[in-house]
Amino acid sequence: MALPPKYVELRIDVFDKASQRAQVLSELTARELVSAILEEFGEELDYLGSDPNAYWLRRARGDERLEDHTPLRDQVREGEHLVLEEADHSLPAHARRPSRPMYLLEPATQRAYKIPWLPAIIGRPDPDLPDNDLVAVDLSTHPGGGRVSRRHLRLWEESGEYYIQATSTNPASLVRDKGEVPVPGGNGKERLTPQDIIRLDRSQITLKLIVREA
């Protein structure tokens, strides 16, 4: 006769959603629990991505990270408090972290791209072009990626404000409540504010800027 499954009750901080109570199978690995969290909160927290490899769980006390592929029964105790965190990215030379966590959300697919550094490039990687290490949003595998320039757009921050500039002749626009404006190239720049939508005109890919408090 099979033994009934064992559960463990946990409290989990999921970014803005603190102390979420959950009863989870003790045989799940930490990575599997991360997957379940992303699925559960993906619609409510639109900046959450879908890739569990981009996150980890740690203990609220002591900051000890859980082992990704070890069952929870071997790592946590009943009632333990955990925290979901984003995995760190190595900073390219001459780049820095944004002052606040920022993301680009594609509304059509609900896929969120974290911007781990600034300045950041939206486009496609190409090691034969300059600033390849600054490509933060890689659209090469997107269905419309063939119409995206390798160095399509550049984002950066000045005194807590965000700016965008076209780095190719491939047109892009900012869609706002008051209308649309083209993204300038050359020496031009346009201020970028949360909820602005960046549209890559030829591919019709749209990306909404989300900035959350740290």
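Packing-based ranking of 134-145, 174-185 yields 134-145, 174-185, ordered from highest to lowest mean Cβ neighbour count within 10 Å. Note on the chain: antiparallel DSSP beta bridges, both residues inside, total approximately 90 percent of the bridges counted. As a length-normalised measure over Cα pairs under 8 Å and 6 or more apart, the relative contact order of the chain settles at 15 percent. Taking a ≥ b ≥ c as the square roots of the eigenvalues of the Cα gyration tensor of region 102-211, is the shape rounded (a/c under 1.5), prolate (a/b larger than b/c) or oblate? Rounded, because the longest to shortest axis ratio a/c is under 1.5. Taking every Cα-Cα distance in the chain and sorting them into 10 Å bins starting at zero, the pair-distance distribution P(r) comes out as 8, 30, 29, 19, 11, 3, 0, 0 percent.
For Arg176, neighbours were defined as the other residues whose beta-carbon sits under 14 Å from its Cβ, and their charges (Lys and Arg +1, Asp and Glu -1) total 0. The gain in end-to-end length when the Arg191 to Asp63 segment is fully stretched comes to 42.4 nm, 0.36 nm per residue minus the alpha carbon separation.
No value in this document is a laboratory result; all are computed from the given coordinates. Note that the structure is predicted; figures quoted are calculated from it, not measured. As a convention, Cβ positions derive from the backbone with ideal geometry for all residues, glycine included, and neighbour counts pool all protein chains shown.
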